[in-house]
Amino acid sequence: QVQLVESGGGLVQPGGSLRLSCVASGSFSSINTMGWYRQAPGKEREFVATITSNGNTNYTNSVKGRFTIARDNAQNTVFLQMNDLKPEDTAVYYCNLVTGFGVSAWGQGTQVTVSS
């Protein structure tokens with residue numbers, strides 16, 4: 001089994017910043033891709049950003065230039081630095097990973113609220 005624990009969510013004013021973290025543990029020999037997804041109230045879960053084991057990144061258009069994804073392979077941890085936050089970024093943010101065997105796992109989610 002794979003467990004993911006997210007942290008770093010909270011309430012922030014528009015234009016502010018937050019840094020999300022996600023630590024993976026459990027039974028896996030390697031991690032391929034780690035990423036972040038989000039789900040706003042009444043909407044489907046959507047892709048935010050991913051990073052591969054060799055550091056290649058991909059972002060959804062709405063966060064490019066504001067969010068940065070990074071990972072620490074030694075600590076099985078992925079981060080999401082979110083700057084210039086907007087009300088439309090409000091959502092529950094979920095961490096995801098795909099192991100070297102193609103197993104996908106999700107975290108429990110962390111709430112990010114952007115409001116004045």
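The values are calculated or read from the model by the stated rules, or taken from the named source; none is laboratory data. The structure presented is a predicted model; accordingly, all values stated were derived computationally and were not measured. When we count neighbours, we look across all protein chains shown, and the Cβ atoms used for this are built from the backbone with ideal geometry, even at glycine. Ligands, DNA and RNA are stripped out before the accessible areas are found, and what is left, the full protein with its side chains, is counted by its heavy atoms. Shrake-Rupley method; radii C 1.70, N 1.55, O 1.52, S 1.80 Å.
Using the Karplus relation 6.51 cos²θ - 1.76 cosθ + 1.60 with θ = phi - 60°, the per-residue 3J(HN,Hα) values for region 28-36 come to 7, 8, 7, 10, 8, 10, 10, x, 10 Hz, with x marking Gly and Pro.
In the chain, the DSSP beta bridges split such that about 95 percent are antiparallel, to the nearest 5.
About its Cα centre, the chain has a charge dipole of approximately 80 debye under the convention of +1 per Lys or Arg Cβ and -1 per Asp or Glu Cβ, with nothing else charged.
According to the square roots a ≥ b ≥ c of the eigenvalues of the Cα gyration tensor, what is the shape class of region 1-51, taking rounded for a/c under 1.5, prolate for a/b larger than b/c otherwise, and oblate for the remainder? Prolate, because a/c is 1.5 or more and a/b exceeds b/c. Restricting the chymotrypsin sites (Phe, Trp or Tyr not before Pro) of region 65-116 to loop positions (DSSP other than H, G, I, E, B) with no more than 11 neighbouring Cβ atoms within 10 Å leaves PHE101.
Gaussian network model of the chain, Cα springs within a sub-10 Å range: biggest mean-square fluctuation belongs to which of GLY15, GLY100, GLY42? It is GLY42.
Would you mind working out the accessible area per residue for region 59-116, using a 1.4 Å probe, and quoting it in Å²?
48
Of the solvent-accessible surface of region 10-116, computed with a 1.4 Å probe over protein heavy atoms with every protein chain present, carbon and sulfur atoms account for 46 percent.
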